[in-house]
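Just so you know, all these numbers are worked out from the coordinates, no wet-lab data involved. Treat the numbers as computed from the prediction; the structure is a model and nothing was measured. Cβ coordinates were reconstructed from backbone atoms using ideal geometry, including for glycine residues, and neighbour counts include every protein chain displayed.
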Amino acid sequence: MKKLKDLDLDLVISFSILCSLLSAVTLGILTVVITFHSFVFGYTVMYTIIYFLFYLLFASTIQIMLSLKPKKFYIPYLLVYVVGALVASAIVFFLMDDVGNPFIMTSYYVISGSAAIIFWLFDSIILQGEIDN
């Protein structure tokens with residue numbers, strides 16, 4: 001098993017930021033298109049910034065720990081990202097006014113699942129693939 005000191009931490013952090021950015025842009029576009037039924041640039045930028053901050057805070061931390069055992073398209077890693085996305089989404093929904101209970105809202109599960117799958121795909125393609133080589 002690799003140790004964190006054995007990894008090129010600068011490389012891991014760089015790829016983690018790239019994964020977070022690409023995931024945030026993808027999820028931002030998806031959210032805007034589903035919500036507004038068209039592409040609205042201003043809202044896409046707003047959602048992308050918010051998603052990017054949450055990806056950096058939650059997903060990147062998990063991603064760095066998972067890169068100790070790099071595996072592409074590893075389903076248990078997806079499940080870890082799903083749990084992280086559920087927690088992060090719950091925090092966002094609870095911070096929003098007039099939302100109510102997020103656990104009974106379909107959008108909570110759609111956003112959480114989408115966020116996890118998108119990040120897992122970029123993680124598998126970009127970071128896990130690079131570390132594995």
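How large is the helix-only mean residue ellipticity at 222 nm for the chain, computed as the sum of -39500 (n - 2.57) over DSSP H runs with n ≥ 4, divided by its residue count, in deg cm²/dmol to the nearest 500? Please report the intermediate quantities before stating the final value.
Working: 6 runs with 91 residues, N = 133.
Using -39500 (n - 2.57) per qualifying helix, the result is -22500 deg cm²/dmol.
Can you sort Asp8, Asp123 so the residue with the fewest Cβ neighbours within 10 Å comes first?
Values: Asp8 11, Asp123 29.
Going from sparsest to densest Cβ surroundings: Asp8, Asp123.
Compute the length gained on full extension between Met105 and His37: take 0.36 nm times their separation in residues and subtract their Cα-Cα distance, giving the result in nm to one decimal. Display every interim value, and only then the final one.
Values: separation 68, 0.36 × 68 = 24.48 nm, distance 1.95 nm.
Fully extending the segment from Met105 to His37 adds 22.5 nm.
Give the value in nm², to one decimal: projected area of the alpha carbon convex hull of region 4-132, averaged over all directions. Numbers along the way, then the final one.
Working: hull surface 31.7 nm².
Seen from a random direction, the Cα hull of region 4-132 projects 7.9 nm² on average.
So what is the relative contact order of region 37-133, in percent, for Cα pairs below 8 Å that sit 6 or more residues apart?
36
Lys72's amide H: which non-local residues (gap 5+, or another chain) put their own amide H closer than 5 Å, with H modeled 1.01 Å from N in plane and none for Pro or chain starts?
Those lying under 5 Å, H to H, from Lys72: there are none.
With N denoting the number of residues in region 5-52, provide Rg(C-alpha) divided by 2.2 N^0.38 Å, to two decimal places.
Numbers: Rg = 14.0 Å, N = 48, 2.2 N^0.38 = 9.6 Å.
Here the answer is 1.46, to two decimals.
Charges at C-beta only: +1 for Lys and Arg, -1 for Asp and Glu. How large is the resulting dipole of the chain about its Cα centre, in Debye rounded to 20?
Details: 6 positive and 8 negative charges, 71 e Å.
Rounded to the nearest 20 debye, it is 340 debye.
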